[in-house]
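Participant: Take a look at this one; I'll ask things after.
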Amino acid sequence: QVQLVESGGGLVQAGGSLRLSCAASGRTFSRYVMGWFRQAPGKEREFVAAIRRSGGSTFYADSVKGRFIISRDNAQNALYLQMNSLKLEDTAVYYCVAGDSYSSYHREYDYWGQGTQVTVSS
């Protein structure tokens, strides 16, 4: 089992950057595929990015490709999401997730953090 705690959210102007972090408890962090999802008010949960156990492979939603970078540090039990060129439509609660499948489907991820709010202003 793993527990996830996100941090780094906040208010940023459009075009700016933020870096989200996710701290994982337990000694088994490296066995999980990790990812980020987001949910905006009134909208469904949306896949953002995922990274394989070794960190050697990543994939992104089309809406963030080229702007966001997912990374992990297995020695530190940490997951990151570097968000650049932020847009108004990136405003959402961002969730760190862990699971066994390298997938964009939310049901494939068994563990979720509590979320961190990202608000992009004009």
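The values are calculated or read from the model by the stated rules, or taken from the named source; none is laboratory data. Please read all numbers here as calculations on a predicted model, not as lab measurements. Cβ atoms come from the backbone with ideal geometry, glycine included; neighbour counts cover every protein chain shown. The protein model used for the area step is the full one, side chains on, heavy atoms only, and it has no ligands, DNA or RNA in it. Shrake-Rupley method; radii C 1.70, N 1.55, O 1.52, S 1.80 Å.
Participant: Can you pull out the residues in segment 1-18 that are open to solvent by 40 Å² or more (accessible area, probe 1.4 Å) and outside any loop (DSSP other than H, G, I, E, B)?
Facilitator: Across segment 1-18, the qualifying residues are V5, S7, L11, Q13.
Participant: May I ask you to list the residues in segment 49-68 that are open to solvent by less than 50 Å² (accessible area, probe 1.4 Å), outside any loop (DSSP other than H, G, I, E, B) and over 19 Å from A24 (Cβ atoms)?
Facilitator: Correct list: Y60, F68.
Participant: Right, next: Somewhere in segment 23-30, is a residue of a type outside the set (V, I, T) and closer than 25 Å to S122 by Cβ?
Facilitator: no
Participant: Being part of a strand (DSSP E or B) and open to solvent by 50 Å² or more (accessible area, probe 1.4 Å) is the filter here; which residues of segment 101-118 pass it?
Facilitator: D110, Y111, W112, Q117
Participant: Next question. Has segment 7-21 got any residue that is among the polar types (S, T, N, Q) and farther than 30 Å from S121 by Cβ?
Facilitator: no
Participant: List pairs: first residue in segment 19-40 and assigned to a loop (DSSP other than H, G, I, E, B), second residue open to solvent by 50 Å² or more (accessible area, probe 1.4 Å) anywhere in the structure, Cβ distance under 6 angstrom, at least six positions apart or on different chains.
Facilitator: Close Cβ pairs (under 6 Å, with a partner that is open to solvent by 50 Å² or more (accessible area, probe 1.4 Å)) amount to S25/Q3.
Participant: Find all pairs meeting these conditions: Cβ atoms under 8 angstrom apart; at least six residues apart or on different chains; first residue within segment 109-120 and touching a residue at least 40 places away in the same chain (Cβ under 8 Å); second residue of a type in the set (V, I, T) and not in a strand (DSSP E or B).
Facilitator: If the second residue must be of a type in the set (V, I, T) and not in a strand (DSSP E or B), the pairs left are Y111/V2; V118/T91; T119/T91; V120/T91.
Participant: Shifting gears a bit: Quickly run through segment 75-100 and pick out the residues that are open to solvent by 40 Å² or more (accessible area, probe 1.4 Å) and either out of contact with any Gly (no Cβ under 7 Å at 6 or more places or on another chain) or farther than 19 Å from Y32 by Cβ (or both).
Facilitator: Correct list: A75, Q76, Y80, Q82, N84, S85, K87, L88, E89, D100.
Participant: Something else now. Find the residue count for segment 41-81, including only residues that are free of Cβ contacts under 8 Å to residues at least 24 places away in the same chain and among the aliphatic types (A, V, I, L, M).
Facilitator: 2
Participant: Search segment 34-48 for residues being surrounded by 19 or more Cβ atoms within 10 Å (Cβ to Cβ) and touching a Lys or Arg at 6+ places or on another chain (Cβ under 7 Å), and hand back the single one that is farthest from E6 (Cα to Cα).
Facilitator: Result: V48.
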